[in-house]
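Worksheet: the structure to be examined is printed underneath.
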Amino acid sequence: MKIQANTIRPGNVIEHNGKIWNVVKIQIITPGKGGAFIQVEMRDMKSGSKTNERFRTQETVERLQANEQECQYLFSEGDMLTLMDNESYEQFSVPKEMVGDALPFLVENMPVTVETIEGQPVAIRIPETVTMRITEADPVVKGQTAASSYKPAMLENGVRIMVPPFVESGTRVVVKTADATYVERAKD
């Protein structure tokens, strides 16, 4: 279906110049003079190569309809992830790049949503939040107010995040996978 370029979002799959592209990142640029345009970073679904393309906001592009299937992440081997379809129990492999920046939060047996076009996997979405353990947390600096200050901490997967002063090493916390931000202390 044809959509205007200003409605393109990360994760969309579009057809451009005879190729199928997965949109990785978008940026709306408004120059001082002239009309705004959309800078789109996208990955070729077949070769995996990335490119940047600029579209005027009123240009139209062909957005492909993706089917979603619920799967389970099993394990990784080299640059590939092995997933299992929850309905047919069929296993298949996809490149790690499909997960994007959320890859460090992918853990074994995690449920994931795989988007496919004509049976070909094009994108993987992991849950919006995950519960992880803090392995190390910096001590609280005396005199900081609890309301606005955060301190650095390390998650069990090696990702550094900012947490409130009351969070200590060993605490389980809920983290947003999209931008690695603290949400709350885990309720368990």
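Taken together, the values in this text are just the output of simple stated rules run on the coordinates, not laboratory data. Here the structure is a predicted model, which is why all the values come from computation and not from measurement. Because the Cβ atoms are built from the backbone with ideal geometry, glycine has one as well, and the counts that use them run over all protein chains shown.
Among ASN17, ASN109, ASN52, the largest mean-square fluctuation in a Gaussian network model of the chain, built with springs joining Cα atoms closer than 10 Å, belongs to ASN17.
Applying a threshold of 27 Å to the alpha-carbon distances of LYS96/LYS176; LYS96/LYS151; LYS19/LYS176; LYS2/LYS96 flags LYS96/LYS151; LYS19/LYS176; LYS2/LYS96 as lying beyond it. When only the Cβ of Lys, Arg, Asp and Glu is charged (+1, +1, -1, -1), the dipole of the stretch 67-125 relative to its Cα centre reaches about 140 debye.
By its C-alpha gyration tensor, with a ≥ b ≥ c as the square roots of the eigenvalues, how is the chain shaped: rounded for a/c under 1.5, else prolate for a/b larger than b/c, else oblate? Here the chain falls in the oblate category. Taking the centroid of alpha carbons for each part, the stretch 154-188 and the stretch 58-102 are 26 Å apart.
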